[in-house]
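Trainee: Okay, here's the structure, questions in a sec.
The values are calculated or read from the model by the stated rules, or taken from the named source; none is laboratory data. Bear in mind the structure is a predicted one, so any value in this text is a computation, not a measurement. Glycine gets a Cβ as well: all are built from the backbone with ideal geometry, and neighbour counts include every protein chain shown. Note: areas computed on protein heavy atoms with side chains; ligands, DNA, RNA excluded. Shrake-Rupley method; radii C 1.70, N 1.55, O 1.52, S 1.80 Å.
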Amino acid sequence: MRSGDSVEPTAKPLRVLVVEDNLGFGLSLGYMLEELGHQARICESAEEALVIAGHYAPHVAFLNIGLPGLDGFDLCDTLRAMPGLSTTQFVAFTGWTGDKFRHRAAAAGFHHYIVKPFTVEILVNVLRNLRGPDR
């Protein structure tokens, strides 16, 4: 994300799970989400996310694809199968570009795919385009 971008809150507050092994980037994304009016939980690993996700029941989960161990593709697939997460929207974010990765993300169940670094406007656009009856 670029600093200095203007931030406008989005309509409905969401519970957002951010899974990012780069703590600085994860905290920055969490801060930006909170500035947009959402509640953010930051996890540094897939394993931590699996423990937290079930009771946190996020509306949306931002998952870094290039996580060590269980990568973002497998994490998305695992989270989607968890009770209580059937309506969670999944957003892949990564430095990896190309159709190969986008297709693999879609097959894993991601609803959106964004490439780092991204602007606040891209973040807001993704949040506004979430699917669901109350969005």
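For (1) out of contact with any Phe, Trp or Tyr (no Cβ under 7 Å at 6 or more places or on another chain); (2) without any contact (Cβ under 8 Å) to a residue 24 or more places away in the chain; (3) among the polar types (S, T, N, Q), each residue gets a yes or a no:
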site	(1), (2), (3)
74	yes, no, no
77	yes, no, no
82	yes, no, no
87	yes, no, yes
102	no, yes, no
117	yes, no, no
121	yes, no, no
125	yes, yes, yes
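Trainee: Turning to a different aspect of this structure: Which of the numbered conditions does residue 86 fail, given that it passes all the others? Conditions: (1) open to solvent by less than 20 Å² (accessible area, probe 1.4 Å); (2) modelled with pLDDT under 95; (3) more than 24 Å from residue 120 (Cβ to Cβ).
Mentor: All conditions are met except number (1).
Trainee: While we're on this one: On the given criteria, is residue 108 free of Cβ contacts under 8 Å to residues at least 40 places away in the same chain, of a type in the set (Gly, Ala, Ser) and within 19 Å of residue 55 (Cβ to Cβ)?
Mentor: On the way: free of Cβ contacts under 8 Å to residues at least 40 places away in the same chain: yes; of a type in the set (Gly, Ala, Ser): yes; within 19 Å of residue 55 (Cβ to Cβ): no.
No.
Trainee: Something else about it: Among the residues of region 89-135, what is the count of those that are modelled with pLDDT of 90 or more and among the acidic types (Asp, Glu)?
Mentor: Summing the residues that are modelled with pLDDT of 90 or more and among the acidic types (Asp, Glu) in region 89-135 gives 2.
Trainee: How many of the residues making up region 107-131 are exposed (fewer than 13 other Cβ atoms within 10 Å of the Cβ) and either within 22 Å of residue 22 (Cα to Cα) or of a type outside the set (Lys, Arg) (or both)? Let's see the steps before the verdict.
Mentor: Narrowing region 107-131 to residues exposed (fewer than 13 other Cβ atoms within 10 Å of the Cβ): 107, 117, 119, 128-129, 131.
Okay, now just the ones that are also either within 22 Å of residue 22 (Cα to Cα) or of a type outside the set (Lys, Arg) (or both), so 107, 117, 119, 129.
Count: 4.
Trainee: Out of all the residues in region 53-72, which are in contact (Cβ under 8 Å) with a residue 60 or more places away in the chain and open to solvent by 10 Å² or more (accessible area, probe 1.4 Å)?
Mentor: Taking region 53-72 as the starting set, the residues that turn out to be in contact (Cβ under 8 Å) with a residue 60 or more places away in the chain are 59-60.
Once the filter is applied, which keeps residues that are in contact (Cβ under 8 Å) with a residue 60 or more places away in the chain and open to solvent by 10 Å² or more (accessible area, probe 1.4 Å), region 53-72 yields only 59.
Trainee: For region 31-47, indicate whether the set of residues that are touching a Pro at 6+ places or on another chain (Cβ under 8 Å), among the small types (Gly, Ala, Ser) and at pLDDT 95 or above is non-empty.
Mentor: yes
Trainee: For region 13-52, which residues satisfy the criterion of being in a helix (DSSP H, G or I), among the β-branched types (Val, Ile, Thr) and either over 21 Å from residue 66 (Cβ atoms) or touching a Lys or Arg at 6+ places or on another chain (Cβ under 8 Å) (or both)?
Mentor: As a first pass, look at region 13-52 and keep what is in a helix (DSSP H, G or I): 23-35, 46-52.
With the extra rule that they be among the β-branched types (Val, Ile, Thr), the set shrinks to 51-52.
52, the sole residue that qualifies.
Trainee: Just checking, which of 27, 23, 50 is buried (at least 16 other Cβ atoms within 10 Å of the Cβ), of a type outside the set (Asp, Glu) and at negative phi? Outline the logic, then answer.
Mentor: Values: 27 fails: buried (at least 16 other Cβ atoms within 10 Å of the Cβ); 23 fails: buried (at least 16 other Cβ atoms within 10 Å of the Cβ).
The conditions single out 50.
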